[in-house]
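One structure is given below, encoded as structure tokens.
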Amino acid sequence: MEPSACEDLKAFERRLTEVVSSYRPSTFRWRKLLAVVLSAMSMCTAISAWYWLRDPRTTVVPLTESLWIHPIFTVATLTLIVLFILGIQKLVIAPQIITSRTRTVLGDFNMSCDDTGKLILKPRQSNNNST
């Protein structure tokens, strides 16, 4: 490999590791917050769903009125739906998304990278075209 190609690869590797590592602190914060929020919303939804289904009025009144009678279930369920529609779970896995997409692109160049962004040079495949 010529010197400028090595320098370009080293610069690319430095930048990739910098980008991946910059996501780590925010990902860690989001992971903790998301775990707490999702756990709380899931517990509220599960417990309030049990009360909602056990309520004898649920089978008699229309759905909208039943949901109005059980606001904790309604709010918890809507919150979970909105969180997943907004893709809050993607904030936790941002570094993995970046590295997996980078691996896909680097595969064309017979390279890969680890989870921290360090480049991995794969050995060349020999062409044994013996007939």
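Coordinate-derived values only; no laboratory data. These figures come from a predicted structure and were not determined experimentally. In this analysis, Cβ positions are derived from the backbone assuming ideal geometry, glycine residues included, and neighbour counts consider all displayed protein chains.
Which order do peptides 59-71, 110-122 fall in by mean Cβ count within 10 Å, highest first? Before the final figure, lay out the partial values.
Working: 59-71: 11.8, 110-122: 14.1.
Averaged packing, sorted descending, gives the order 110-122, 59-71.
At 0.36 nm per residue, minus the direct Cα-Cα distance, what do Ala46 and Ile72 gain on full extension? Give it in nm, one decimal, please.
8.3 nm
Express in % the proportion of alpha carbon pairs of region 3-88 at distances exceeding 17 Å. Working shown, then result.
Numbers: 2360 of 3655 pairs.
Distances greater than 17 Å cover 65 percent of the Cα pairs.
How large is the dipole of region 3-121 about the Cα centre if only Lys and Arg carry +1 and Asp and Glu carry -1, each at its Cβ, rounded to the nearest 20 debye? It would help to have the intermediate numbers written out before the result.
Numbers: 13 positive and 9 negative charges, 52 e Å.
Approximately 240 debye in magnitude.
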